[in-house]
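Before any comments, here is the structure.
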Amino acid sequence: MIVVLKNGISDSAKNNVTGFLSSKGFQVREIVGEEDTVFGAVGSVLIDYREVEVLPGVDRVIPITKPYKMASREFHPRDTVVSIGPVKIGGSRIAAIAGPCAVESRQQILDCAWAVKEAGAVMLRGGAYKPRTSPYAFQGLGVEGLKYLREAGDTTGLPVVSEVVSPSVVEEMSRYVHAFQIGTRNMQNFELLKTVGSTGMPVILKRGMAATIEEWLMAAEYLLSSGTDNVILCERGIRTFGRATRNTLDISAIPVVRELSHLPIIVDPSHATGLRDKVPPMALASIAAGAHGLIVEVHTNPDKSFSDGPQSLWPQQFEKLLRDVEALCPTVDREMARLPERHQEEVLRSHLGNSKNGEKPRVAFQGERGAYSERAILNYFPEGEVKPMPLPGFSDIFATVLSGDASWGMVPIENSLAGSVLENYDLLTRHPDVKIVGEIKVRIRHNLIVIPGTVESGITKVYSHPQALSQCAEYISKKAWEAVPYFDTAGAAAMVAREKDPTIAAIASAAAAEYHKMEILAEDIETNPRNYTRFAVIALSDTGEPENADKASFTFSIKSHPGSLADCLEVLKEYGVDMTKLESRPIAGQPWSYMFYVDVLLPENPAVFKKAEAAFRDAAEEYRNLGIYRSS
Ligand code: PEP
Ligand code: MN
């Protein structure tokens, strides 16, 4: 059952509730949500719920209707994000785990680790105990393999996962791996599940090849109830009559599981298909279906692989796959999980160090909670590490960053349909102490949002930012509604929530609807689904440049002689600097004079850009570097 506590319940009343539940034989877990705190209580005991409901400080009791309790969404309505070292799996990120089927030698796992790391994997896999169909096939290197795996992980900075096949090795394995993998053949090995769960360590639980989704979630329940909170489900294909592939990847399991459970779900397209060329399409389909990540077999020489060579990708194929996944990300409102770069981690830590009483560093944005800028913040920064800070205007973002009240700001720079957000270009040029330290693209998906119970036929007016209204013009034109401009999208949702008027609606993000507990009557109502906004992440200019920067932005004005603009651009050509954007803006106070805003891709050798900048300074009247950063 879920015991919802009253707001402001005292500690002694809380202790009283847990004491009561424990005395009845329940296992109790406190779950702190954004709005309320609940106790999840599970156990094989029957109790009259009213006995709990009458305890001081208890608001209400909700029974869990599913046979699995801790794994159910009823128990934990929000998505669980599992941390494995620096890697977070679940939520808005897509994590790529990769490596060979088995650890074959020290050199082989080191080579594979570097290859998958360079391609963008955030975690290394490799079997040391191989549950092979034939007793004569390679069985794995055992503990020696685990040592090599861990060494390869430590060398490359990748946390490692390996399959555990017997309760007797759990203790020893726990010294080498960051996460356990339970294989398909052991999904219902309950003694193994209990022993692994009792370590409290993260577990990747593969679906049994003939298991129903309910049986799979019951297996997760074994892990959760024996002591770990960190379970990741992994769909790896099931047995069907089809023989064209090794197994049949049950892609529909992804949305089904996401509805039933809060646990993250990843997909293993390698064991699902058994065929190298079928791995990338199924991996992409899995991401489109809502998976939180992939676990892929990659080998530096698949032809020589001791096991599963035909399904192992070459490193180049894996790299291409991750680039394709990355291209898909904005369409599904996701970001690739990355290992925190040393630079970013240091910056984050220094901000954490400076913050008062251990508060999270703040990131300023314009608008109300649920604004698209807030989505950009949640996608850009590591899960749960920063606090979005809503502000009324764009200039407030700059002021707040300058005063140090916020460590970063998230400012929209351009929209793929509406063009540049000129106000922010001007603010960037006006604030030389602020610079661009990163960027991110977010897909803009508009929704029709109403107070719960509203019927479409009763709506007479729809409120939103003028840009959102025009982006949904086709949808609105089919209704006899008055479109009313409002200062921002999330603000319109907040206003409709406040007014509680069933004749009005707002157009805003799904997050705005969730934040205000509103209902979405229609999803994705924008005329053109290719609607993306690019945001710049700004910070004080002493933050330093990221190591893997590949983009720069700058502004310049030109000398007053014929061909002076051409002279400047000639410099970029001469040094092979690729210009991706050029925009002119009037110079404040100098009618009919212009400055230019430029984005460029950095040449391979950073020294070349420094030389180009020096030449550019000579050719231009004024030059200012706005930031060197990693492109999105
Ligand atoms: C593996 O990942 O190496 C493996 C054996 O997978 P499964 O248990 O899904 O067959
Ligand atoms: Mn394998």
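The values are calculated or read from the model by the stated rules, or taken from the named source; none is laboratory data. Nothing here was measured: the structure is a model prediction, and the numbers come from that model. Note that we place each Cβ from the backbone using ideal geometry, even for glycine, and neighbour counts take in every protein chain shown. Surface accessibility is based on the protein's heavy atoms, side chains included, excluding ligands, DNA and RNA. Shrake-Rupley method; radii C 1.70, N 1.55, O 1.52, S 1.80 Å.
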With a 1.4 Å probe and every protein chain kept in, tell me what percent of the accessible surface of segment 447-530 is carbon plus sulfur.
53
In the neighbourhood of Ala399 defined by beta carbon distances under 15 Å, the net charge of the other residues (Lys, Arg +1; Asp, Glu -1) is -3
Cα pair count fraction exceeding 15 Å, expressed as % - segment 521-589:
75
Hey, with R₀ at 60 Å, roughly what FRET efficiency would Leu46 and Ala244 work out to, going by the Cβ-Cβ distance, to 0.05?
0.75
Would you mind telling me the share, in percent, of accessible area of segment 360-413 contributed by carbon and sulfur at probe 1.4 angstrom?
51
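Per 0.36 nm of contour for each residue apart, how much would the distance between Leu275 and Ala522 grow if the chain were fully extended, relative to their Cα-Cα spacing?
The Leu275-Ala522 span can extend by a further 84.9 nm.
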Loop only by DSSP, 10 or fewer other Cβ within 10 Å of the Cβ. Give me the GluC sites (Glu not before Pro) in segment 564-632 that pass, ordered by residue number.
Glu604
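Keeping every protein chain present and rolling a 1.4 Å probe, give me the accessible area per residue for the chain in Å².
43
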Proportion of all alpha-carbon pairs of segment 152-212 beyond 13 Å (%):
59
Starting from the Cα of Lys581, draw a straight line to each of the aspartates and glutamates and keep only those under 13 Å, dropping any in the same chain fewer than 8 residues away.
Glu414, Asp599
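Charges at C-beta only: +1 for Lys and Arg, -1 for Asp and Glu. How large is the resulting dipole of segment 47-161 about its Cα centre, in Debye rounded to 20?
Around 180 debye, computed over segment 47-161.
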Calculated FRET efficiency, Phe190 and Asp79, Cβ-Cβ r, R0 22 Å, to nearest 0.05?
0.25
Quick one: the Cα spread of segment 545-629 along its three principal axes, in angstroms, biggest first?
40, 23, 18
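Mind running the shape call on segment 447-530? Use the C-alpha gyration tensor, a ≥ b ≥ c as the square roots of the eigenvalues: rounded below 1.5 for a/c, prolate if a/b tops b/c, oblate otherwise.
Note, shape of segment 447-530 comes out rounded.
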Long pairs among Lys130/Lys304; Lys461/Lys500; Lys441/Lys478; Lys551/Lys573, criterion Cα-Cα beyond 21 Å:
Lys441/Lys478
Between Ala473 and Glu385, take the C-beta separation as r, use R0 = 30 Å, and let me know the FRET efficiency to the nearest 0.05.
0.20
Would you please name the trypsin sites (Lys or Arg not before Pro) within segment 95-188 that are DSSP coil residues with at most 10 other C-beta atoms within 10 Å of their C-beta?
Arg175
If amide H atoms are built 1.01 Å from N in the plane of the peptide, which residues on other chains or at least 5 residues away come under 5 Å of the amide H of Lys551?
Leu602, Tyr629, Ser631
Setting aside same-chain residues fewer than 8 positions from Lys69, which lysines have a Cα under 20 Å from its Cα?
Lys24, Lys194, Lys206
Put +1 on the Cβ of every Lys and Arg and -1 on every Asp and Glu Cβ in the chain; which of Met389, Leu146, Gln366 then has its Cα farthest towards the positive end of the dipole?
Leu146
Provide, as a two-decimal number, the C-alpha radius of gyration of the chain over 2.2 N^0.38 Å, N being how many residues it has.
1.06
Taking amide H positions as placed 1.01 Å from N in the peptide plane, with prolines and chain starts having none, which residues 5 or more places from Gly127, or on another chain, fall under 5 Å of its amide H?
Ala102, Val103
Of the accessible area of segment 82-340, with the probe set at 1.4 angstrom, what percent is carbon plus sulfur?
54
Net charge around Pro315, counting only other residues with Cβ within less than 12 Å of its Cβ (Lys, Arg = +1; Asp, Glu = -1)?
-2
Computed on alpha carbon atoms, what radius of gyration and Dmax characterise segment 82-340, expressed in Å?
16.3, 47
For segment 2-62, what value does the Rg/Rh ratio take when both radii are computed over Cα atoms and Rh is the Kirkwood radius, given to two decimals?
0.92
If you bin every alpha carbon distance in segment 4-127 into 10 Å steps from zero, what whole percent lands in each bin?
11, 30, 20, 15, 15, 8, 0
Restricting to DSSP loop positions (anything but H, G, I, E, B) with no more than 14 other Cβ atoms inside 10 Å of their own Cβ, which GluC sites (Glu not before Pro) remain in segment 500-555?
Glu523, Glu547
